[in-house]
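Pasting a structure below so you can have a look.
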Amino acid sequence: MKRNVASQLLASILVNAVYAMKNMPVMLINTLLTPFSFLIVITFISRGSLLGVAIEGALIMTMVSNGLGLQGDLSHLKNDMKLQEMVVGSPTSATIYLTGMAISELIYALPALILLAILAVLFLSLTPFGIISIVGAMVMIFIVSVALGFFFSTLTADVIQSFAFGGMLSTILSALPPVYYLITYIPMPFRYLAYISPTTYAAEIAQNAAGFINISTTNLVLDWSILAVFAVVFLFIAIKKSRWVDI
Amino acid sequence: MPEIICKNLSKRYDKDRLALDKINLSLKLNGVFSLIGRNGAGKTTLVRILSTTLLPSAGSAYIDGMNVMSEAGKIRERIAVVPQEARPIGWMTPKEMISSYLMWRGFSYRESIKRSEEALDLLGITKFANRLSQRLSGGTKRKVLVATAIASDADIIFLDEPTTGLDPISRGELWDLLLKLKKTRFIFLTTHYLEEAEILADRIGILENGKLLSVGNLHELRNKMGYPYSIKILGSVKEIKINKGRIVKGRDGHTQIFTTEKEARRLGSILIKRKTRFSINPVSLEDIFYYFTKEEVGEES
């Protein structure tokens with residue numbers, strides 16, 4: 001029988017995103033809650049002056065928390081449901097399964113992304129190049145988050161542990177770093193600490209694209225390069241460490 | 001005839017835990033093979049290795065000539081596996097669960113839906129097709145998982161303790177289905193319900209502490225035991241001399257004699273003359289299981 005690869009990819013998307021959203025709409029609140037609560041708090045505290053930055057921050061946080069969500073979902077389906085074992089013993093390859101699962105996280109983020117995109121159109125004045133830069137930074141930080149999620153899913157054998165990891169990482173990567181506010185708000189020398197997080201680079205690219213900060217072309221290239229290195233390194237480690245077949 | 005072959009197949013999880021110990025096995029790929037054994041005997045480990053989800057520590061295994069390690073991809077085209085602790089995903093309906101699994105196997109969306117509806121109908125659970133799995137009973141959940149394998153194109157199906165937790169009626173329904181299914185596909189079934197193996201299996205393997213103690217059909221296992229007949233004496237029994245056999249006190253407190261057919265006939269005549277109530281039966285799988293696993297049925301008298 002000729003196997004339909006598109007179907008195999010679609011299966012992961014249906015299972016992990018479409019059916020979850022269709023049958024349990026309450027799950028959608030979870031995807032909206034965190035990015036929007038930060039957006040509202042930052043906007044109120046800044047008396048509206050950081051609304052634009054916060055919208056960009058919420059876009060980045062949505063990508064990060066959903067990318068990292070891969071970790072909890074993979075762990076849940078593998079350890080709780082034993083679903084991964086059924087898939088391993090089938091004609092689906094690890095690459096197709098994981099790619100489908102990663103795309104499903106993006107689909108799951110769509111409602112939040114659509115709402116935030118509407119807010120961005122209303123409250124940000126962007127050039128076409130700015131839009132491309134922001135979308136590019138979002139895609140890149142999503143890849144980094146997926147790689148991190150995949151990496152941490154190989155470390156956790158228990159779903160409770162994995163959800164705890166997810167929450168912790170999401171806070172460390174998207175709430176603490178200057179994602180919802182400008183990096184210039186962090187006093188020196190603590191500003192350097194922010195550069196440990198990959199989200200700082202994505203936020204810097206997005207904030208520069210919207211004109212909230214002005215960074216040199218060299219720094220911009222550096223930001224993109226560091227994001228790419230984060231993505232490649234964590235994907236490499238995850239692929240090296242992960243096991244499709246148990247030993 | 002295609003076969004499953006294991007050659008000195010071993011699995012060691014850590015220094016102190018040898019899950020499988022040099023398993024040698026040759027099975028024709030037809031009907032039902034049932035692997036029986038206590039919890040922790042190594043049944044799941046053997047299923048996982050043969051279904052290409054776990055690597056062995058030593059030895060080799062082949063399915064229809066394909067090595068489970070080096071040719072896992074080819075084997076996965078032919079097999080479907082339902083793990084022991086698998087559960088349908090709570091936020092999905094049975095129809096969505098089965099069709100998604102079929103899509104992972106490479107069927108188109110339309111074909112997957114069609115096949116899932118047929119499988120649900122075959123298992124008599126169509127009325128639950130669109131109900132969330134989290135609201136299904138334990139028995140229906142197990143049936144949904146079995147349906148995933150049935151709906152697939154796999155001709156080799158691994159079912160790891162599929163009836164655990166099912167009520168007797170649901171178990172019986174599943175048995176009926178597997179009896180139909182085994183006409184066209186090979187089913188590798190693990191269970192610790194001996195009755196289940198007795199009803200479904202064409203061949204039975206007895207696994208204990210990672211060692212495969214014996215393999216054969218019920219008749220062959222009886223012969224391997226040496227005493228194919230059991231005489232159960234109801235009530236008190238005066239001294240009886242047996243030429244060949246073993247007298248034990250059964251689990252129900254009655255005296256039980258394992259013996260040969262000829263001796264069973266002779267003893268039967270004596271017991272009739274004595275007007276003693278008794279029954280003569282071929283030894284059951286339970287007797288065989290305890291015999292091979294060295295569990296004493298009772299004390300010799």
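Throughout, read-outs are computed from the coordinates displayed, never taken from laboratory work. As the structure is a prediction and not an experimental result, all values here were calculated from the model. Heads up, the Cβs are rebuilt from the backbone with ideal geometry, glycines too, and the neighbour counts pull from every protein chain shown.
Using a basic spin-label model with each label point 7 Å from the Cα along Cα→Cβ, how many nm lie between residue B:252 and residue B:114?
Here the answer is 5.2 nm between the modelled labels.
Let me ask something else about it. Separation between the residue B:176 and residue A:49 pseudo-spin-labels, each 7 Å from Cα along Cα→Cβ, expressed in nm?
7.7
Could you tell me which trypsin sites (Lys or Arg not before Pro) in segment B:110-188 are loop residues by DSSP with no more than 15 other beta carbons within 10 angstrom of their beta carbon?
Details: sites: B:110, B:114, B:115, B:127, B:131, B:135, B:141, B:142, B:143, B:171, B:180, B:182, B:183, B:185; in loops: B:131, B:182, B:183, B:185.
For trypsin sites (Lys or Arg not before Pro) across segment B:110-188 that sit outside H, G, I, E and B with at most 15 neighbouring Cβ atoms in 10 Å, the list reads B:131, B:183.
Can you list residues whose amide H is under 5 Å from residue B:229's amide H, if they're 5+ apart or on another chain and H is modeled 1.01 Å from N?
Amide H to amide H, under 5 Å and 5 or more residues apart or across chains, residue B:229 pairs with B:259, B:283.
Using Cα springs under 10 Å in a Gaussian network model of chain A, which residue among A:201, A:19, A:97 shows the largest mean-square fluctuation?
A:19
Work out the FRET efficiency for residue B:135 and residue A:1 from their Cβ-Cβ distance, taking R0 = 45 Å, and round it to the nearest 0.05.
Using R0 = 45 Å, I get an efficiency of 0.85.
While we're here: So which trypsin sites (Lys or Arg not before Pro) in segment A:214-247 pass both tests, a DSSP loop state and at most 12 other Cβ atoms within 10 Å of the Cβ?
Within segment A:214-247, the qualifying trypsin sites (Lys or Arg not before Pro) (loop, at most 12 other Cβ atoms within 10 Å) are A:243.
Also: At a Förster radius of 60 Å, what calculated FRET efficiency corresponds to the Cβ-Cβ distance of residue B:239 and residue A:247, to the nearest 0.05?
Numbers: r = 60 Å, r/R0 = 0.99.
Efficiency for this residue pair is about 0.50.
Something else about it: Dipole magnitude of segment B:223-292 about its Cα centre, charges +1 at Lys/Arg Cβ and -1 at Asp/Glu Cβ only, in debye to the nearest 20?
On the way: 15 positive and 6 negative charges, 79 e Å.
Computed about the Cα centre, the dipole is about 380 debye.
Sticking with this one: Would you mind working out the magnitude of the charge dipole of the protein assembly as shown relative to its Cα centre, with +1 at each Lys and Arg C-beta and -1 at each Asp and Glu C-beta, to the nearest 20 Debye?
Around 1900 debye, computed over the protein assembly as shown.
What is the distance, in nm, between label points placed 7 Å from the Cα along the Cα-to-Cβ direction at residue B:260 and at residue B:74?
4.8
Chain B: longest stretch without exposed GluC sites (Glu not before Pro) (DSSP loop, at most 13 other Cβ within 10 Å), sites themselves excluded?
Counting at most 13 other Cβ atoms within 10 Å as exposed, the longest clean stretch of chain B is B:86-238.
State the Cα centre-to-centre distance between segment A:98-169 and segment B:114-152 in whole Å.
34
I'd like the mean, over residues of A:60-71, of how many other protein chain beta carbons sit within 10 Å of each residue's own Cβ.
Mean partner shielding for this stretch: 0.
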